[in-house]
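Data first, discussion second: the structure below is written as structure tokens.
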Amino acid sequence: MTTQTTAPNPRFRLGTRRSPLAMAQAEEARDRLAKAHGINPAHIEIVAVTASGDRIQDRALAEIGGKALWTKELDAWLAEGEIDFSVHSAKDVETLRPEIFAIGAVLPRADVRDVLVGAASIAALPSGAVVGTSAPRRAAQLLHARPDCKVVTFRGNVATRLAKLAAGEADATFLAAAGLKRLGETGTGHPLDEEDWLPAPAQAAILIECRADDTRTAAFLSAIDDAPSRAAVLAERALLEGLGGNCHSPIAVLTRHEGEQLHMRAAIYAPDGGERIEGEVRFASGDLKGPADLAADLLSRASPAVTVHFTGPPT
């Protein structure tokens, strides 16, 4: 009599930042993978790290090293094989990445809108309102629409920023609708129409990276890769690369699927909101030349007050 044995379920180590939102995103990725492969979620171990960007809260990200502060610890673990893949907010991942890493999956993109907390709309902000944000895009968009407002630096997780607002450090602040939903805070604030208030590149998308030569993990992750979300995120990252955008660069973009094509609207700003250049383009899904052409068009129409904040090494 021959005894048949079943191969054990695969085990993987998932790396993530330790913040509440990052942990919620890691759990979403783990649960999607477990469901797609019919395995117990316990076979995917979540390994958390406190990122540099989470430790330093008193300065704007652009002043202390840019997006790499969200990824460098996880990058080191991934490169050394201490984890099999890492889960990130796509908007926090540098545009140019080490060749040893590959995007294994982009999860279905959530609500791309920003949420205004403290007022029902931008127009409803009181005259001279103090608004807390550390994002150059949000600051420039606000000052373009409401030059009477004042921007102060707000950093920290959702709870920290809401606490600062409650303490009277500002009259209003911005949060991401997707992040609030993932944290179960759906009743907080007022969503802003994404057609009028364009989101950040890759906002609301969860991106998973693995080692480029790790075919086992790549195959495992491919089961949850959402093709439409990947196409939009890669297009927006191509726009960033074409602009030479970094953490100082106010860039806003909205990408819609129209059949087999993508429709991208984007705007770049002077940091003080005094200048805004907008453009749009349609291109086939997967064609990254369209976003690059739009980037070139925007820069060609911008004054030096804007372009000085672009055309550098993308981050």
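Can you return the aspartates and glutamates within cross-link range of K91? Criterion is Cα-Cα under 14 Å, with same-chain partners fewer than 8 residues away left out. Hits, sequence-local ones excluded: D111, D114, E209, E236, E241. Comparing H144, F174, T311 along the charge dipole axis of the chain, the residue lying farthest to the positive side is F174, per the Cβ-charge model. Summing Cβ point charges (Lys, Arg +1; Asp, Glu -1) relative to the Cα centre of the chain gives a dipole of roughly 480 debye.
Between S300 and A119, the modelled label-to-label distance comes to 3.7 nm, taking each label 7 Å out from Cα in the direction of the beta carbon. Placing a label point 7 Å from the Cα of A167 along the Cα-to-Cβ direction, the residues of region 127-145 whose backbone N falls under 20 Å of that point are 130-135.
From largest to smallest, the equivalent ellipsoid semi-axes obtained for region 114-191 from the alpha-carbon gyration tensor read 19, 13, 12 Å. From the P(r) of region 226-315, can you give the percent of Cα pairs sitting at distances over 15 Å? Considering region 226-315, 53 percent of its Cα-Cα pairs are separated by more than 15 Å.
Within the chain, all pairs of alpha-carbon atoms sorted by distance into 10 Å bins from zero give the percentages 6, 26, 34, 23, 7, 2, 1, 0, 0. Note on region 145-246: Kirkwood radius taken over Cα pairs, Stokes-Einstein applied at 4 °C and 1.567 mPa s, translational D equal to 77 µm² s⁻¹. Once the piece of chain linking D31 and S222 is laid out straight, how much longer is it, given 0.36 nm per residue of separation minus the C-alpha distance between them? Separation in residues times 0.36 nm, less the Cα-Cα distance, equals 67.3 nm. Under a Gaussian network description of the chain, with springs only between Cα atoms under 10 Å, the residue in D171, D272, D196 that fluctuates furthest is D196. The charge dipole of region 135-216, taken about its Cα centre with unit charges on the Cβ of Lys, Arg, Asp and Glu (plus for the first two, minus for the last two), comes to roughly 300 debye.
For K150, a cut-off of 22 angstrom between C-alpha atoms picks up these lysines, skipping any fewer than 8 places away in its own chain: K164.
Couplings for region 25-30, taken from phi via the Karplus curve 6.51 cos²θ - 1.76 cosθ + 1.60 with θ = phi - 60°, read 5, 5, 5, 4, 4, 4 Hz in order; Gly and Pro are left as x.
From its DSSP helices (H runs of at least four residues, each -39,500 (n - 2.57)), the chain gives a residue-normalised ellipticity at 222 nm of -9500 deg cm²/dmol.
Just so you know, all these numbers are worked out from the coordinates, no wet-lab data involved. Computed from a predicted structure; not experimentally measured. With ideal geometry, Cβ positions are generated from the backbone for all residues, glycine too; neighbour counts draw on all protein chains shown.
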